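S.K.: Take a look at this one; I'll ask things after.
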Amino acid sequence: MEYSALDTDANEIRLLTLLPSDETGRACCTLNHVSLLNPPENVALSYFWGHQSVTKEITINGVPAQVTANLESALRHLLRHYKCLWVDAICINQQDKAERSQQLLWMGSI
């Protein structure tokens, strides 16, 4: 998955908006930038459960993405109760060390 850079001056984070499953039954969502200065109502889910090698495919912004099977299941179940989530495994670009460090500093606000 490709990430666009966050604006740290605006205290930006990414939030997932959960959508109904697609025609194949795959979990779907969008990933959008929002500012912590005026964020929409959301629920934070710090997620590192399950084997990293056991994955399922979801759709993020129309693009297939692999997540752990447990995370896919959680997203499917949370759709019934929540629409907007911050999930560290998806909302943080795990390949960008500077972004990971910055987001960890903001965890209390998230």
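S.K.: In segment 13-49, which residues are open to solvent by less than 40 Å² (accessible area, probe 1.4 Å), at pLDDT 90 or above and more than 15 Å from Val87 (Cβ to Cβ)?
M.R.: Within segment 13-49, Ser35, Leu36 qualify.
S.K.: Still on this structure, I have one more. Give me a count of the residues in segment 1-11 that are surrounded by fewer than 20 Cβ atoms within 10 Å (Cβ to Cβ) and under 23 Å from Thr59 (Cβ atoms).
M.R.: Matching residues across segment 1-11 total 5.
S.K.: Right, next: Just to check your reading of the model, which residue among Glu99, Glu41 is in a helix (DSSP H, G or I), of a type in the set (D, E, K, R) and under 23 Å from Leu6 (Cβ atoms)?
M.R.: After applying the criteria, what remains is Glu99.
S.K.: Here's another thing I want to ask about it. Can you tell me which of (1) in contact with a Cys (Cβ under 7 Å, 6 or more places away or on another chain); (2) open to solvent by 50 Å² or more (accessible area, probe 1.4 Å) is the one Thr59 doesn't meet?
M.R.: (2)
S.K.: Tell me whether segment 14-26 contains one or more residues that are within 17 Å of Gln103 (Cα to Cα) and among the hydrophobic types (A, V, I, L, M, F, W, C).
M.R.: So far as segment 14-26 goes, yes, one or more of its residues are within 17 Å of Gln103 (Cα to Cα) and among the hydrophobic types (A, V, I, L, M, F, W, C).
This table checks each residue for (1) of a type in the set (Asp, Glu); (2) closer than 23 Å to Gly25 by Cβ; (3) at pLDDT 90 or above.
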{"site": "Glu57", "(1), (2), (3)": "yes, yes, yes"}
{"site": "Gln66", "(1), (2), (3)": "no, yes, yes"}
{"site": "Glu72", "(1), (2), (3)": "yes, yes, yes"}
{"site": "Arg100", "(1), (2), (3)": "no, no, yes"}
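S.K.: When the residues of segment 77-110 are filtered to those that are among the charged types (D, E, K, R) and within 14 Å of Ser46 (Cα to Cα), which remaining residue is most open to solvent (accessible area, probe 1.4 Å)?
M.R.: Among those that are among the charged types (D, E, K, R) and within 14 Å of Ser46 (Cα to Cα), it is Arg100.
S.K.: Just give me the residues in segment 36-92 being among the aromatic types (Phe, Trp, Tyr) and out of contact with any strand residue (DSSP E or B) (no Cβ under 8 Å at 6 or more places or on another chain), in sequence order.
M.R.: Result: Phe48, single match.
S.K.: Among Ala5, Ala74, which is the only one that is among the small types (Gly, Ala, Ser), assigned to a loop (DSSP other than H, G, I, E, B) and out of contact with any His (no Cβ under 8 Å at 6 or more places or on another chain)?
M.R.: Going through Ala5, Ala74 in turn, just one is among the small types (Gly, Ala, Ser), assigned to a loop (DSSP other than H, G, I, E, B) and out of contact with any His (no Cβ under 8 Å at 6 or more places or on another chain): Ala5.
The values are calculated or read from the model by the stated rules, or taken from the named source; none is laboratory data. Everything numeric in this text was worked out from a predicted model, so none of it was measured. Methodologically, a virtual Cβ is constructed for each residue, glycine included, from the backbone with ideal geometry; neighbour enumeration extends over all protein chains shown. Protein only, heavy atoms only, side chains kept; ligands, DNA and RNA dropped before computing areas. Shrake-Rupley method; radii C 1.70, N 1.55, O 1.52, S 1.80 Å.
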